[in-house]
Amino acid sequence: MRLVRFKALIIIAALVVNLSYTAKANGKKKERPNFVVIMCDDVSHDMFGCYGNEEVKTPNIDKLAQEGVYFQTAWNSALCCPARAEIMTGKYATTTGFWNNGFAIPQEDGSNNLFEHHTAFSKILNDNGYRTAVAGKWHIGGAEHEFDPIVGFDEYCMWQGLKEVKILLNQDSWEGGWEATGKTARYWNPCVIQNGELIKTTPNDFGPDIYTGFICDFIDRSAKADEPFLAYYPMVAPHGPYVEVPTRTDAGSNDPQKESKVSNEQRFVELVDYIDILVGRILNQLEESGVAENTVVIFTSDNGTAVTAKSRGVERGCHIPFVVAGKGIKQRGLSTELCDATDILPTLVDFAKADAPKGFECDGESLMPFLTGKTDAHKDVIHSCIGTTQLLRTKSYLLEVICPVLGVPQGRFYYTGENHSGNNYTRAENVPEHEEVRQMFQNILDEKYVGLTKDHPYFLEKGGKKFLKLYTKAKPADKHLHNHKDYQKYDETITFDESTKWYENGD
């Protein structure tokens with residue numbers, strides 16, 4: 001009898017320990033928030049209502065901004081590929097080598113395998129028990145694809161080109177929609193591959209609806225499985241071609257020239273409006289799935305608006321919208337604190353209580369202390385890289401177009417005071433009261449973010465030579481070093497290095 005009673009006590013004790021362990025595990029799971037990271041394609045901060053634009057209709061994004069935090073001054077890179085590399089790795093081009101579209105300095109092994117050498121936020125969260133998915137547009141140059149295990153996504157639903165169709169499906173053709181530039185369509189009748197399968201689309205199918213639907217389905221399935229999740233949505237919109245959206249027509253064309261009744265400008269505004277509709281669908285799905293209260297939502301952009309900002313080495317090129325709301329986020333509204341895209345990875349890792357790989361480092365700093373109200377400040381200096389150009393900023397000073405390759409090693413230095421977006425900036429070179437900050441900027445560049453010069457070994461290789469030849473031509477260089485004429489609000493004169501003659505000679 002005593003033996004039976006003793007065995008019963010052992011079983012009961014084991015059950016208690018098991019239940020206790022399970023409770024702790026489930027408690028930790030529920031403590032960890034979900035994440036939805038939405039990144040628009042080619043749109044500046046000033047194209048949204050919360051940033052003062054009265055032409056657009058963005059109530060869902062504006063509500064997020066008011067309920068959480070939106071940053072007056074946030075930066076990324078000024079072009080698709082380096083911006084996407086930065087947001088996913090938490091590292092600038094000075095670390096990764098991904099400087100420009102079609103220009104990535106090879107990694108240590110001679111490849112452009114970005115994520116083998118620089119871990120993505122998706123991989124870190126996936127390794128820490130998060131379900132992960134990505135939808136929309138990839139575009140990280142020669143880096144690994146979203147479907148490669150090393151990137152860390154369980155699922156994907158992406159607009160793809162013929163190259164990816166060949167890799168994944170072993171076919172050389174696409175029978176759906178095409179853009180005027182010869183690319184497979186991203187909007188009407190799009191080319192979409194979801195988890196290894198080609199989605200059959202028609203001229204009535206609008207790509208952004210498909211990608212958003214996938215994100216919503218992933219959220220719902222993850223919620224039902226009671227698993228923490230990361231949904232990363234690098235949108236295709238509002239990148240050109242500027243097509244008509246479903247709110248205007250049931251079916252549209254991927255060629256804007258066939259829709260002459262509506263101007264490009266109006267279509268662009270309508271695409272921004274439609275982005276807000278899509279964001280609204282995702283927010284509604286979080287509510288319907290019962291996970292809204294335990295989800296952090298980040299809304300941002302890869303770079304500034306095409307033509308007027310994109311690819312330029314000036315502040316407007318890298319100035320992006322940045323909105324954060326949700327679980328644990330203190331309601332602050334508009335903030336004058338500075339942040340940039342490298343901060344997203346450490347923020348996700350911090351909120352998720354995730355363990356990063358041994359020896360992992362990044363250039364960003366976690367926003368969690370500021371977002372949760374533990375501190376009222378973030379970081380003092382933000383940084384950006386584009387082409388071979390670098391930029392630095394504090395709340396009161398800006399150093400832009402630092403580019404030895406184009407003969408501007410000192411860049412342009414401004415005192416901005418409390419101003420931003422180019423308003424009331426004054427030149428500050430050789431002004432004694434500002435010299436301490438200028439020297440601080442130089443020290444940061446010399447010690448932390450070493451830039452490129454024409455004698456870099458990569459420029460002796462075929463790819464480097466090709467990039468340099470195009471990059472240093474007078475017209476594109478002039479565009480890169482200045483604002484669009486509609487945004488030339490401050491002194492943009494340049495003193496060129498006499499040792500560089502491309503500009504004077506027009507080479």
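The aspartates and glutamates within cross-link reach of Lys374, meaning a Cα-to-Cα straight distance under 15 Å and a gap of 8 or more places when in the same chain, are Glu337, Asp350, Glu365.
Ellipsoid semi-axes for the range 348-481, based on the Cα gyration tensor and the rule √(5λ), read 30, 24, 13 Å when sorted largest first. A Förster radius of 35 Å combined with the Cβ-Cβ distance from Asp109 to Asp376 puts the calculated FRET efficiency at roughly 0.20. Give the long-range amide H neighbours of Val296: residues separated by 5 or more places, or on another chain, with amide H under 5 Å away, using H modelled in the peptide plane at 1.01 Å from N. HN-HN under 5 Å from Val296: Asn34, Phe35, Val36, Lys327. Here is the list for the range 139-224: GluC sites (Glu not before Pro) lying in DSSP coil, each with at most 13 other C-beta atoms within 10 angstrom of its C-beta, are Glu175.
Here the chain exposes an accessible surface that is 50 percent carbon and sulfur, computed with a 1.4 Å probe and the other protein chains kept in place. For Val307, the shell of other residues with beta-carbons less than 12 Å away shows a net charge of +2, using +1 for Lys and Arg and -1 for Asp and Glu. On the basis of the beta-carbon distance and an R0 of 45 Å, Lys448 and Thr202 show a calculated FRET efficiency of 0.30.
Binning all Cα-Cα separations of the chain at 10 Å, short to long from zero, yields these whole-percent fractions: 4, 18, 29, 26, 14, 5, 2, 1, 1, 0, 0. In the chain, the DSSP beta bridges split such that about 55 percent are antiparallel, to the nearest 5.
Computed on the Cα atoms alone, the convex hull of the range 324-415 gives a volume of 122 cubic angstrom per residue.
When each of the peptides 120-129, 433-442 is scored by the mean number of other C-beta atoms lying within 10 Å of its residues, the order from highest to lowest reads 120-129, 433-442. Note on the range 245-385: Cα convex hull, mean projected area over all directions, 11.9 nm². What pairs in Lys310/Lys489; Lys91/Lys137; Lys258/Lys489; Lys63/Lys353; Lys63/Lys310; Lys310/Lys358 have C-alpha atoms more than 24 Å from each other? Among Lys310/Lys489; Lys91/Lys137; Lys258/Lys489; Lys63/Lys353; Lys63/Lys310; Lys310/Lys358, the Cα-Cα distance tops 24 Å for Lys258/Lys489; Lys63/Lys353; Lys63/Lys310; Lys310/Lys358. Using the alpha carbons alone, the radius of gyration of the range 142-208 stands to its Kirkwood radius in an Rg to Rh ratio of 0.97.
From the largest down, the range 139-255 spans 42, 33, 23 angstrom on the principal axes of its Cα atoms.
Quick check: Cα centre of the range 27-69 to Cα centre of the range 202-234, how many Å? Cα centres, the range 27-69 to the range 202-234: 17 Å.
A simple spin-label model places pseudo-atoms 7 Å from Cα toward Cβ; at Asp255 and His117 they are separated by 4.3 nm.
Peptides 482-489, 66-73 ranked from most to least packed, by the mean per-residue count of other Cβ atoms within 10 Å: 66-73, 482-489. Label-to-label distance, Val431 versus Asp486, with points set 7 angstrom from Cα along the beta-carbon direction: 2.9 nm.
Residues in the range 266-350 average 26 Å² of solvent-accessible surface per residue, probe 1.4 Å, ligands and nucleic acids excluded.
Rounded to whole numbers, the Karplus 3J(HN,Hα) couplings from phi for the range 400-417 are 10, 6, 7, 8, x, 4, 9, x, 10, x, 8, x, 10, 10, 10, 9, 9, x Hz, using 6.51 cos²θ - 1.76 cosθ + 1.60 with θ = phi - 60°, and x at Gly and Pro. The phi-based Karplus calculation (6.51 cos²θ - 1.76 cosθ + 1.60; θ = phi - 60°) puts the 3J(HN,Hα) values of the range 380-393 at 7, 9, 10, 9, 8, 10, 7, x, 10, 9, 10, 9, 9, 8 Hz, whole numbers, x for Gly and Pro. Along its principal axes, the range 32-182 has C-alpha extents of 46, 38, 31 angstrom, given from the largest down. Counting only protein heavy atoms and a 1.4 Å probe, the range 51-120 has 32 square angstrom of accessible area per residue. Normalised by the number of residues in the chain, the mean separation of alpha-carbon contacts (under 8 Å, six or more apart) gives a relative contact order of 21 percent.
The values are calculated or read from the model by the stated rules, or taken from the named source; none is laboratory data. This one's a predicted model, so the numbers in the text were calculated from it and none came from an experiment. When we count neighbours, we look across all protein chains shown, and the Cβ atoms used for this are built from the backbone with ideal geometry, even at glycine. Keep in mind that these areas ignore ligands, DNA and RNA; they rest on the heavy atoms of the full protein, side chains included. Shrake-Rupley method; radii C 1.70, N 1.55, O 1.52, S 1.80 Å.
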